[in-house]
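Everything on this sheet refers to the single structure shown next.
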Amino acid sequence: MANEEIASAFREIGRLLELKGESLFQVRAYGKAADRLVEAGDLAELIREGKLTDIPGIGKAMAEKIGYFMATGAIPQLEELRREIPQGVIDLAGLSGLGPGRVRKLRDEIGVESVEALEAAIQSGQAADIKGFGPKLLKNLRSGIDLWKRVRGLRLHMAGRREAEEIVSRALESGAPAAAPAGGIARGMETIDRVTVVIAIDEPAPLLNRLAAGLTGTDQTAETLCYTGRSELPIEIITVPPARFGGKLLLLTGSAAHLEQLKPIAETAGVELSGLSPARGDAPLEASNEAEAYQALGLPMIPPELREGRGEIEAAQQGRLPRLLESPDIRGLFHMHSTWSDGKATIEEMAEHAISLGLEYIGLADHSRSAGYAGGLSPDRLRAQSEEVARLNEKLAPFRIFHGIESDILAEGELDYEDELLGILDFVVASIHSRFGLEREAQTARLIRAVQNPHTTILGHSSGRLLLAREPYEFDSEAVWDAARTNDTVIELNAHEKRLDVDWRDIPAVRERHLLISIGPDAHDRRGLETLDMGIRIARKGWLTKEAVLNTMGRDEVTDWLGERKKRTTSA
DNA sequence: GCCGTTTTCGGCCCGACTGTTTTCAGTCG
């Protein structure tokens, strides 16, 4: 916990120093230190033993800050930087096309210190006077501002989920018989605007008081507690008597469309769905869990991820709800990075962690040579890595590491190594990391060429979207999925928090199991493996069953499958 | 700010793209 907190403080220091214009090497030093801290052991113990500086990237100055934080919970330098650099400036730096250099120009030359001020300065023509701010940049900034306005107040799912889970476990530890997140978190939405937690408890006051202790700006009633969480999301904690827990959760979880469609069905069953709680006549509906609540409406339990009013109610009535993918179905993962490129953990550490999660195999896919910024592997290093993987496979058997690469898709859709070298690998994830701005036709042709390459096993994070920060790139997805299907290329559902992909339910080939999906954690450290959970939620949201997912194959099945593909590649 | 060493400071990861400018600064992955 402390590791995470200090790492995030160091990252923030790095970002703020960059905005101040400090040396990029100093900025990077904080980033590196943060990475190492996440993978480091118990900091309190390291401090006692005076071994903090044994961590690579932690020197005298960093060790001092860590010690100070452990003792007081604060880092003075960070507090100072926060005072110096207003939030508006940090927002500015988040706009696409605005880095530290241009943000400094905006501040120094026309005194712009917020997105709103930038918008006004563009409007008035003032921004166009700055050297280097031409018409195209201004146009890009305008669309960046539009995106910023659209996503204001939204946060990534995981930020809210962590807070929700903490509240749930504190409630359960305090003896509440049940507690669960509701709303967008329960439905597996990629981004959310609030955290809602429902707690079943007869005497809420003591628990609410305990949860409110130490918080500021709380708004508390006899049954509820609201405040702004660490993620800056509004948090709503709502307590109900245990007998009404199911009904309340149902009401607070379904989307507006789902609840609207549910109303007439509830009415037929004699249940009123409006108001604060579902009611039967004058009395609140008795249901201690959601399954009982749906049962009272004459329906089977509908998984929260499906409650979007997109056909799930008819499916439930007709008994055709799919048996959605679940975490225990996942037997292995592809697409992970290691310290050989820009990962934070060694191959062995990643493998050991996967073993501890009960997985049978991982697919190692470090960056390819064109990704110089990420330490992409030269042909020689890729061969050397192959030997390392073989050594580890002997050591860790029967666990298996499949040796792959995340190959950049080059300008015209080519992969990043010669065929001969690709031939020594078990699999290839092909991903776009450059030229996001190509015209739709050119981008489509490029992607089709990549997925049709016989060496390509998986198309990585295919939308190019960065949630809350960047729109996806333009391409004809139908055409690309078709090309992928005919070449047996798997489409990755990237579980990396910031790169969740498209709505898979709309792709018939996936539903008909002609196109496999890979849950790719795109993990750069051990913690990245936990984003697997998010990938599963998004898959469930896309109505995916285990048959449509590559990662539900066992180790031997994957070995055979890759072997078959290899035969086809060499004979082609 | 860290590291390594040539003990006192220089090097630290890069290459392409974009939009601007007219030779390059800034951004991005």
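The values are calculated or read from the model by the stated rules, or taken from the named source; none is laboratory data. Because the structure is a prediction, the values reported are computed rather than measured. Here Cβ is always computed from backbone atoms with ideal geometry, including for glycine, and neighbour counts include all displayed protein chains. The accessibility values were calculated without ligands, DNA or RNA, using every heavy atom of the protein model including side chains. Shrake-Rupley method; radii C 1.70, N 1.55, O 1.52, S 1.80 Å.
Side notes on the structure shown:
- A simple rule links phi to the HN-Hα coupling: the Karplus curve 6.51 cos²θ - 1.76 cosθ + 1.60 with θ = phi - 60°, which for the range A:320-327 gives 10, 5, x, 8, 5, 3, 10, 3 Hz, with x for Gly and Pro.
- Remark: for residue pairs A:LYS32/A:LYS344; A:LYS32/A:LYS395; A:LYS32/A:LYS65; A:LYS32/A:LYS60; A:LYS20/A:LYS60, the C-alpha separation exceeds 18 Å in A:LYS32/A:LYS395; A:LYS20/A:LYS60.
- For A:LEU516, the residues 5 or more places off, or on other chains, whose built amide H falls under 5 Å of its own are A:ILE491.
- Average accessible surface for the range A:87-151: 54 Å² per residue, computed with a 1.4 Å probe over protein heavy atoms with every protein chain in place.
- ³J(HN,Hα) computed for each position of the range A:217-233 - Karplus, 6.51 cos²θ - 1.76 cosθ + 1.60, integer Hz, glycine/proline x: x, 8, 10, 10, 10, 5, 10, 10, 9, 10, 6, 9, x, 4, 6, 6, 7
- Linear extension gain, A:LEU357 paired with A:ALA222, 0.36 nm per residue minus alpha-carbon span: 44.5 nm
- Amide hydrogen neighbours beyond the local backbone of A:VAL112, cut-off 5 Å, H modeled: A:ARG107
- Carbon plus sulfur fraction of accessible area for the range A:156-317, probe 1.4 Å, in percent: 51
- 1.4 Å probe accessible area per residue over the range A:2-84, in Å²: 54
- A protection proxy built from the mean count of other Cβ atoms within 10 Å ranks the segments A:371-378, A:208-215, most packed first, as A:371-378, A:208-215.
- Sequence-separation-based contact order of chain A, relative, with Cα cut under 8 Å and 6+ spacing, percent: 10
- Mean-position separation - Cα centroids, the range A:385-436 and the range A:324-339, in angstrom: 17
- Rg/Rg_globular for the range A:128-176, with Rg_globular taken as 2.2 N^0.38 Å and Rg from C-alpha atoms: 2.17
- Loop-located GluC sites (Glu not before Pro) in the range A:220-316, at most 13 other Cβ atoms within 10 Å (DSSP): A:GLU232
- Residue ranges A:549-555, A:395-401 sort as A:549-555, A:395-401 when ordered by packing (mean number of other C-beta atoms within 10 Å per residue, highest first).
- Between the range A:1-19 and the range A:248-300, the C-alpha centres lie 45 angstrom from each other.
- Couplings 3J(HN,Hα) for the range A:22-28, derived from phi with the Karplus relation 6.51 cos²θ - 1.76 cosθ + 1.60 (θ = phi - 60°), are 6, 3, 4, 6, 5, 4, 5 Hz, where x marks Gly and Pro.
- In the full protein context, the range A:156-317 carries 44 Å² of accessible surface per residue, based on a 1.4 Å probe and ignoring ligands, DNA and RNA.
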